[in-house]
Amino acid sequence: MNKLYLSVCFFLVIVWVTGCNKTGEAPEKYGALPSERQLAWHKLENYAFLHFTVNTFTDKEWGYGDEAESVFNPTDFDADQIVGTLKKAGFKGAILTAKHHDGFCLWPSMFTEHSVKNSKWKNGKGDVVREISDACKRHGIKFGVYLSPWDRNHADYGTPKYVEYYRNQLRELLTGYGEIFEIWFDGANGGDGYYGGKREVRKIDASNYYEWEKTLKIVRELQPNAAVFSDAGPDIRWVGNEGGYSNDTCWATYTPSPREGFTRAWAGTTKDWEGEKGHMNGKYWMPAETDVSIRKGWFYHDSENSDKVKSVDSLVKIYFKSVGNGTSLNLNLPPDKRGKIHPTDSTNLMGLKAYLDEGYKHNFLADSKISAGENGGSVKISSYELTDSDDETYWYNGKNTNAKVITFELEKEAEFNCFMLKEYIPLGQRVKSFSIEVFDGEKWKEMARGATIGYKRLLKFPPQKAKKIRVLIKDALATPLIAETGLYRFPDLKRK
Ligand code: FUL
C-alpha cells in the first residue's frame with residue numbers, strides 16, 4: 001500500500017467518524033463560535049461554589065471589612081470531606097471564594113495582613129486555597145477561584161493603587177495553586193465599608209475603574225485555559241438571577257451592553273437581566289452559568305439548617321432549568337463553622353445525584369431505528385451519529401433547509417418522561433424551535449415544545465408509553481446539526 005492510498009483511507013475514516021453526511025458536503029459554520037476553552041467548560045455541566053470566610057463565623061452575608069482575623073477559626077476543617085462530597089455527588093469542579101467583599105483572604109497573601117495568616121486557625125499557618133486546591137487534585141475535580149473586586153477592608157479601595165493590589169492577588173492565585181478552570185469576577189460594588197478604618201461610602205466608576213482588559217490579559221497569560229466569568233464574560237456570562245433558572249430560550253450567543261448610567265459592559269454594569277435568554281445572533285459565544293445556593297444565603301448560617309436547605313425536588317428542578325436549558329449549574333455548598341459540608345446539604349445533594357443516576361441509567365433511543373428527513377422518515381440514519389454519547393459525531397441531512405424531522409422507533413414500547421437533545425456547537429448554535437411527538441397508534445401527539453437547544457437541552461413531560469417518538473425541528477437559523485439524543489424515565493418528584 002502506498003502512502004497516498006493510506007492517507008486517502010485515513011481521510012475517509014475521519015470524515016465518517018466526524019459525522020459528515022453521506023453526500024460529503026461539510027456543513028458551514030454559523031454565527032459566533034465557542035473557543036476550545038469554552039467547549040471544555042461546557043462539558044463540565046455542573047460544579048460547585050464554596051462560599052467560606054469570616055461571614056461563616058459572624059453570621060453575615062456581606063462582611064463590613066472590619067472583622068478581626070481571629071474570627072476565622074474553623075474547628076475541624078476538612079478539605080477532603082468538602083471536595084470528596086462534591087466528587088461523590090458527580091460535581092466536576094469547585095470554585096472557592098478566596099476573598100469575598102469583606103477582603104479577608106483565605107490564603108496567606110503577601111500583599112495584606114488581613115488573611116488566614118493572622119487568624120487562630122492552625123496558628124496562622126493554614127491556607128484554605130492550598131488545601132481545597134490540593135483536595136481537588138486528589139479527588140480528580142477542577143479548581144476555580146472567586147476573587148471579589150469589591151474590597152470593604154482595603155484602605156485604598158477606590159484608587160488605582162487598589163486595582164494594582166487586586167491584580168497582585170490575582171497573580172498569587174493564578175500562579176501558586178495549579179491549574180484553574182474558572183475565575184469568577186463578581187459585579188457587586190456596594191459602596192460602604194471599613195476601608196482601613198475610614199468607615200465611609202466609596203463610589204467607583206464601575207465602567208472604567210477596574211480596567212478589566214488589563215486584568216484579563218494577566219489571566220490569559222498565566223492561565224490560558226481558565227474560563228473567565230462575569231456579567232459580561234468574556235467566556236461565561238451570568239444568567240442574571242440567583243434563583244437557579246435560565247429560560248426556555250437560552251442562546252449561548254450574547255452581546256453584553258451597558259445598562260443605564262454606565263458606558264461599558266463589564267462586571268456589574270451590564271443589562272444582566274438579558275443573561276437569562278442570551279441573544280439570538282449575539283456577537284460573541286458567551287454561554288450562561290446558573291449560580292444558586294443550596295441554602296437561602298451564600299454563606300453558612302445555623303438558622304438555615306432546619307428549613308432553608310433546598311430539598312432534593314428543588315435541586316432537581318434547578319438542574320432541569322440550568323443544565324437542562326444548556327447552561328452550566330454552579331451550585332453553592334457553603335462549608336459550616338467546622339469547615340465541613342453540613343449533613344443536610346450533603347444528604348440533599350446525594351439525593352440529586354441518585355435521582356440523576358436513576359434517570360440517566362437507560363437511554364431508550366440507544367437501540368432504536370432512526371430515520372430522518374425534511375418531513376420525517378425518508379433516510380435511515382445510524383445510531384453512531386445520534387446516540388453514541390459522543391458530541392463529536394452529529395447528524396444533518398446536508399440540504400439547506402432548516403426544518404427537520406427525526407423519527408425513532410424503539411425496540412419495544414417503553415415509558416419515558418424526558419427527551420434530551422444536543423447540538424453540535426463547534427459550528428454554532430442554530431435551533432430556534434422544536435417539539436417532541438409520540439405516536440399513539442393512530443396519530444402523532446405533541447408531548448412538549450422547546451425553543452433553543454444549544455449544548456444540551458432536556459425537556460420533561462408527564463410519563464408516556466410509546467414505541468415511536470419524533471423530534472420536529474420547526475425553525476433554525478441554519479441547517480440543524482444534532483450531536484446527541486436521549487430518551488429517559490426520570491423518577492417522579494414528590495410534589496409536581
Ligand atoms: C453576589 C455576591 O454579592 C454574593 O455575596 C455572592 O458571592 C454571589 C455569588 O454573588 O454578587
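The values are calculated or read from the model by the stated rules, or taken from the named source; none is laboratory data. This one's a predicted model, so the numbers in the text were calculated from it and none came from an experiment. We place every Cβ from the backbone using ideal geometry, glycine too, and count neighbours over all the protein chains shown.
Here are the numbers:
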| item | result |
| --- | --- |
| Of all residues making up the range 287-305, the number that are over 24 Å from Gly63 (Cα atoms) and assigned to a loop (DSSP other than H, G, I, E, B) | 1 |
| Extreme residue, surrounded by the most Cβ atoms within 10 Å (Cβ to Cβ), among residues of the range 85-126 that are over 21 Å from Gly297 (Cα atoms) and of a type in the set (Val, Ile, Thr) | Val116 |
| The range 59-84: number of residues that are crowded, with 16+ Cβ neighbours inside 10 Å and within 16 Å of the ligand (Cβ to nearest atom) | 6 |
| Residue satisfying all of: in the range 93-112; more than 18 Å from Asp80 (Cβ to Cβ) and of a type in the set (Gly, Ala, Ser); farthest from the ligand (Cβ to nearest atom) among these | Ser109 |
| From Ser115, Ser35, Ser119, Ser133, residue being touching a residue at least 40 places away in the same chain (Cβ under 8 Å), away from the ligand (no atom under 16 Å from the Cβ) and within 19 Å of Tyr195 (Cα to Cα) | Ser115 |
| Condition check for Tyr166: away from the ligand (no atom under 13 Å from the Cβ), aromatic (Phe, Trp, Tyr) and at pLDDT 95 or above | yes |
| Number of the exception - Thr263 against (1) farther than 30 Å from Lys120 by Cβ; (2) in a loop (DSSP other than H, G, I, E, B); (3) within 15 Å of the ligand (Cβ to nearest atom) | (3) |
| Residues within the range 136-157 that are within 16 Å of the ligand (Cβ to nearest atom), under 22 Å from Asp80 (Cβ atoms) and out of contact with any Leu (no Cβ under 8 Å at 6 or more places or on another chain), tallied | 0 |
| Residue in the range 221-238 that is at positive phi and either among the aliphatic types (A, V, I, L, M) or loosely packed, with under 15 Cβ neighbours inside 10 Å (or both) present | no |
| Checking Tyr209 against (1) more than 16 Å from the ligand (Cβ to nearest atom); (2) at pLDDT below 95; (3) not basic (Lys, Arg), the condition it does not meet | (2) |
| Options Lys310, Lys317, Lys283, Lys296: the member that is surrounded by fewer than 21 Cβ atoms within 10 Å (Cβ to Cβ), at pLDDT 95 or above and within 16 Å of the ligand (Cβ to nearest atom) | Lys296 |
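This table checks each residue for (1) closer than 22 Å to Tyr47 by Cα; (2) not aliphatic (A, V, I, L, M).
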| site | (1), (2) |
| --- | --- |
| Leu147 | yes, no |
| Lys161 | no, yes |
| Glu164 | no, yes |
| Leu173 | yes, no |
| Phe181 | yes, yes |
| Trp184 | yes, yes |
| Gly197 | no, yes |
